[in-house]
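The values are calculated or read from the model by the stated rules, or taken from the named source; none is laboratory data. Being a predicted model, the structure only gives us computed values, none of them experimental. Here the Cβ is made from the backbone with ideal geometry for all residues, glycine too, and neighbour counts use every protein chain on show.
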Amino acid sequence: MHDAYKMFLGPVHPALEEPIFFDFKIVGEKVIATNLKPGNAHRGIEALGMKRNPIQVLYLSERICGICSVSHASTFSRAVEAAAGIEVPERADYIRTIFCELERLHSHILWAGLLAHEIGFHSVLHYGMKVREDVMDLLEYLSGNRVNYGVYVIGGVRRDIPKEKHEKIRQSIKYYNAAFEKFKDVFLNDKTIRMRTEGVGVLTKNDALKLCAVGPTARGSGLNKDTRQDWSYLAYGDIGVKAQLPSQVTGKINGDVLDRTIVRLLEIKQSAEIIERCIDQMPKGSLVSEPKAAVILSRLKNAEGEGIARTEAPRGELHHYVRLAKKEVVDTWKAKAPTYNNLMAVPVMMKDAQIADIPVIICSIDPCIACLDRVSIIEGNSGKSMNKYDLHELCLRKSEMFGKIERGHQ
Amino acid sequence: MLSEIMMIPMIAALMLLLAIIVGLFFLGLDRKIAARFQSRIGPPIVQPFRDLVKLLAKETIVPDNAIGWLFNLAPVIALASALLLILYLPFLGVAPILSGYGDLILVLYLLMLPALAIAIGGFASGNNYATVGAQRKLIMMLSYEFPLAVLVMAVVWKTSSMFPDLQGFTFSTFMQHPVLTLVGPVGGFGVVLLIVTILIALCAELIKGPFDNPEADTELAGGVLVDYSGRNLALFLLSDAVKLCAFITLVIGLLLPCSLGDMFSSFMYTGWLAIAANVVFFFVKFTVIAILGLTFVRVAFARLKINQATKFFWLVSAGISLLGLLLISLDSMM
């Protein structure tokens, strides 16, 4: 038996786009145990949000993550609208849908490039970056911004997409469809890419179900699961979205990195189609339910209730929970990102992997650590982070303390 | 007489300097052309020179858990052996300076030295990433040496069977009688297969493209070189440049030693003009091989896993080289 040695990956490593810590036990080149520890990108955004009014929090929610900024804004605004009972005009729903899908497009194209980067295929990385740039340009053309679009407001959208802008969108969609064909050709037919992705990081359907995997990670394992299909929201109900499964292309489901790649590539095409249909079917009407922000704000101040919203973000199902309690500020706000579910599947995928597979597998779930890190428990200024056993210990001590106080009173 | 004795070291020194400059230039050219393939602008061609100057000015850090003397010695060995290699090879298309003091077998051994030095440096740095990288480098070496040995045997056997009175293992013999001129069409195809083999080994030797597992930036964060910095890293950069020169010169010397000079001499042009023509022709071949063998391969493939790379060398690459050998021997039977 060879000696096992430890290898750490992160928090800073070329294979990782964001800080997260992995701890591997390795024999030779083979991974035998995986452990992971997030918490390096925690910024306390939810705590900040609970000191502000919902309209201010909307801007904050966009800044949870640069790539899923639309998803967070979309989910938060829908949660607040649900809590306060605000109706959104139909046209606004369509415009929101277009932005959601544009975000999915640029996220998936960027991801395809990143996967190629992880396996050392830099030509595809640069092609992906080039194609993505066009999506970013389109987003800038429509919203005025490249990253945080600021299009969402509570009760509608800020900017219209008038008829004059449709032509440019259609041109871009043609471009993405061409890019999809090229990506499909590269990822399905290139021998070296197949050698690196086929049979790597297998997540069986059963495991995906048990670990509550979401988004393309779940669909790559054959789970017919898509929030847009199962819990339709925005304009998706009118358009009719079907979950994309790898069996549509290859005829079978292996649950490996290649399957997750195929799902994301199919979603590039699907997103382009959805945007096109949104433009075709876009109804007339107002953009916001109430044009005056002050009126909305006073309604929100006096509202009481809970709202929960779920969105199919590029990486999977995103939840936001909001409670309003007749206060100036948001009473409770909780965001749960898809990476929270998918990261749990990584140790399972790492079974029998080689060192060379590690970055590919991590990349294959498209981790978004900025979205994921919603909590980080640190003891004082010592820098020591606490795990669930430490917390349990703390809880016991606190109970003991309360017991003493009660006894003292008696 | 004295001047003649002084002449050889001076030419040697000049040649080594030229090898460094040419190597760094081609590293830059490789990056530039790769960038153009990937629709990027890319760094200026002189970027490796700037990198070198920058690295030399930077602090050299030796990690606490490294074996200090070995860690510092490895880059020196890598550069020294690569430079020595140049002196045994027909660089610039002229006969090797040290041709009387060693032959092709020595060159084959010298070829392993820079690779070994990199592996030793990796092991000495005491970093897990570097250790894995060093293991990979050794495995790669074991893999690509066999096709290379077959190739050398094929060329030497063909040349020495045609000219038994000449020394078989020297580059001057190959230069007098290029192997392509000795074989018929079948053997010619065999030689082309051998060129393919050596171009595949080129990437592995230089830790580039699909065979850069020892350094694999996304897996091992630089692998064998992860702990190197400052002057030591500059020495590795230099040895990279010289290795590039040496290996491509080896390809030219073994398989494509045809020179323009002979043609010129038949037209009564001799002396400096013929030498200049030779050098120019050498660089034409050099550029073609560098771009075909290195840049094209680098941008066209993903990195292989170490087991896939090993399998590839032992099955495909070794197979191609053996087929080449077979075709050349068939050719001489016909």
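Out of curiosity, is A:Q270 at pLDDT 85 or above and touching a strand residue (DSSP E or B) at 6+ places or on another chain (Cβ under 9 Å)? So A:Q270 fails the test.
Any residue at all in the range A:73-94 that is among the β-branched types (V, I, T), within 13 Å of the chain's Cα centre (by Cα) and away from chain B (no Cβ under 14 Å)? Even if it seems obvious, please write down each step before you answer.
Initial filter on the range A:73-94 (among the β-branched types (V, I, T)): A:75, A:80, A:86, A:88.
Imposing the further condition that a residue be within 13 Å of the chain's Cα centre (by Cα) reduces the set to A:75.
Checking which are away from chain B (no Cβ under 14 Å) leaves us with A:75.
Yes.
Pairing each residue of the range B:40-59 that is under 22 Å from B:Y228 (Cα atoms) with any residue that is acidic (D, E), provided the two are 6+ apart or on different chains, yields C-beta distances under 9 Å for B:P48/B:D240.
Filtered by the rule that a residue be modelled with pLDDT under 80 and either within 14 Å of chain B (Cβ to nearest Cβ) or at positive phi (or both), the range A:2-43 gives A:H2, A:D3, A:G10, A:G28, A:G39.
Filtering the range A:240-282 to residues that are acidic (D, E) and surrounded by fewer than 24 Cβ atoms within 10 Å (Cβ to Cβ) leaves A:D256, A:E273, A:E276, A:D280. Among the residues of this structure, B:L116 counts as one that is in a helix (DSSP H, G or I) and either modelled with pLDDT of 80 or more or not acidic (D, E) (or both). Within the range B:119-144, the residues that satisfy the criterion of being within 11 Å of chain A (Cβ to nearest Cβ), assigned to a helix (DSSP H, G or I) and of a type outside the set (S, T, Y) are B:N128, B:V132, B:G133, B:Q135, B:R136, B:I139. Kindly establish whether B:V192 is away from every other protein chain (no Cβ under 14 Å) and out of contact with any Leu (no Cβ under 7 Å at 6 or more places or on another chain). Judged against the criteria, B:V192 is a match.
Surrounded by 17 or more Cβ atoms within 10 Å (Cβ to Cβ), part of a loop (DSSP other than H, G, I, E, B) and not hydroxyl-bearing (S, T, Y), is that true of B:V62? Please lay out each step first, then the result.
Values: surrounded by 17 or more Cβ atoms within 10 Å (Cβ to Cβ): yes; part of a loop (DSSP other than H, G, I, E, B): yes; not hydroxyl-bearing (S, T, Y): yes.
Against the criterion (surrounded by 17 or more Cβ atoms within 10 Å (Cβ to Cβ), part of a loop (DSSP other than H, G, I, E, B) and not hydroxyl-bearing (S, T, Y)), B:V62 qualifies.
In the set A:L139, A:L114, A:L125, only one residue is hydrophobic (A, V, I, L, M, F, W, C) and more than 14 Å from chain B (Cβ to nearest Cβ); that residue is A:L139.
Taking the conditions exactly as written (in contact with a helix residue (DSSP H, G or I) (Cβ under 8 Å, 6 or more places away or on another chain) and surrounded by fewer than 23 Cβ atoms within 10 Å (Cβ to Cβ)), does A:R104 satisfy them or not? Walk me through how you get there before you give the answer.
Working: in contact with a helix residue (DSSP H, G or I) (Cβ under 8 Å, 6 or more places away or on another chain): yes; surrounded by fewer than 23 Cβ atoms within 10 Å (Cβ to Cβ): no.
No: the conditions fail for A:R104.
The residues of the range A:1-50 that are closer than 21 Å to A:G120 by Cα and charged (D, E, K, R), listed by number, are A:E17, A:E18, A:E29, A:K30. Those helices (runs of 4 or more DSSP H) of the range A:320-392 in which at least 2 residues are away from every other protein chain (no Cβ under 14 Å) and at pLDDT 85 or above, considering only elements entirely within it, cover A:338-342, A:346-349. Among the residues of the range B:76-98, is there at least one that is without any contact (Cβ under 8 Å) to a residue 24 or more places away in the chain, of a type in the set (V, I, T), buried (at least 17 other Cβ atoms within 10 Å of the Cβ) and farther than 26 Å from B:W157 by Cβ? There is no residue in the range B:76-98 that is without any contact (Cβ under 8 Å) to a residue 24 or more places away in the chain, of a type in the set (V, I, T), buried (at least 17 other Cβ atoms within 10 Å of the Cβ) and farther than 26 Å from B:W157 by Cβ.
Table: residues versus (1) modelled with pLDDT of 85 or more; (2) within 19 Å of the chain's Cα centre (by Cα); (3) not aliphatic (A, V, I, L, M).
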residue: B:V22; (1), (2), (3): yes, yes, no
residue: B:R50; (1), (2), (3): yes, no, yes
residue: B:V53; (1), (2), (3): yes, no, no
residue: B:F91; (1), (2), (3): no, yes, yes
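Take the range A:1-57 and flag every residue that is in contact with a Leu (Cβ under 8 Å, 6 or more places away or on another chain) and either among the hydroxyl-bearing types (S, T, Y) or assigned to a helix (DSSP H, G or I) (or both).
Within the range A:1-57, the subset in contact with a Leu (Cβ under 8 Å, 6 or more places away or on another chain) is A:9-10, A:15-17, A:20-24, A:36, A:38, A:41, A:45, A:48-49, A:52-55.
Selection gives A:I45, A:L48, A:G49, A:P54, A:I55.
Please specify each residue of the range A:150-182 satisfying the condition of being of a type in the set (A, V, I, L, M, F, W, C) and within 14 Å of chain B (Cβ to nearest Cβ).
Pass one, the range A:150-182, residues of a type in the set (A, V, I, L, M, F, W, C): A:151, A:153-154, A:157, A:161, A:169, A:173, A:178-180.
Within the range A:150-182, A:A179 is the sole residue that qualifies.
In the range A:205-218, the residues that are among the acidic types (D, E) form Cβ pairs under 9 Å with partners that are crowded, with 24+ Cβ neighbours inside 10 Å, at six or more places apart or across chains, as follows: A:D207/A:A213; A:D207/A:S221; A:D207/A:G255; A:D207/A:A345; A:D207/A:M349. Checked against the criterion of being free of Cβ contacts under 8 Å to residues at least 40 places away in the same chain and within 30 Å of A:L258 (Cβ to Cβ), the range A:153-176 contains one or more residues that satisfy it.
Taking the stated definitions as given, is B:A302 under 30 Å from A:G199 (Cβ atoms), at pLDDT below 85 and within 14 Å of another protein chain (Cβ to nearest Cβ)? Can you show your working first?
On the way: under 30 Å from A:G199 (Cβ atoms): yes; at pLDDT below 85: yes; within 14 Å of another protein chain (Cβ to nearest Cβ): yes.
So B:A302 fits the description; yes.
Is it fair to say A:E62 is under 17 Å from the mean Cα position of the chain (by Cα), away from chain B (no Cβ under 14 Å) and more than 25 Å from A:K388 (Cβ to Cβ)?
On the way: under 17 Å from the mean Cα position of the chain (by Cα): yes; away from chain B (no Cβ under 14 Å): yes; more than 25 Å from A:K388 (Cβ to Cβ): yes.
When the stated conditions are applied, A:E62 passes them.
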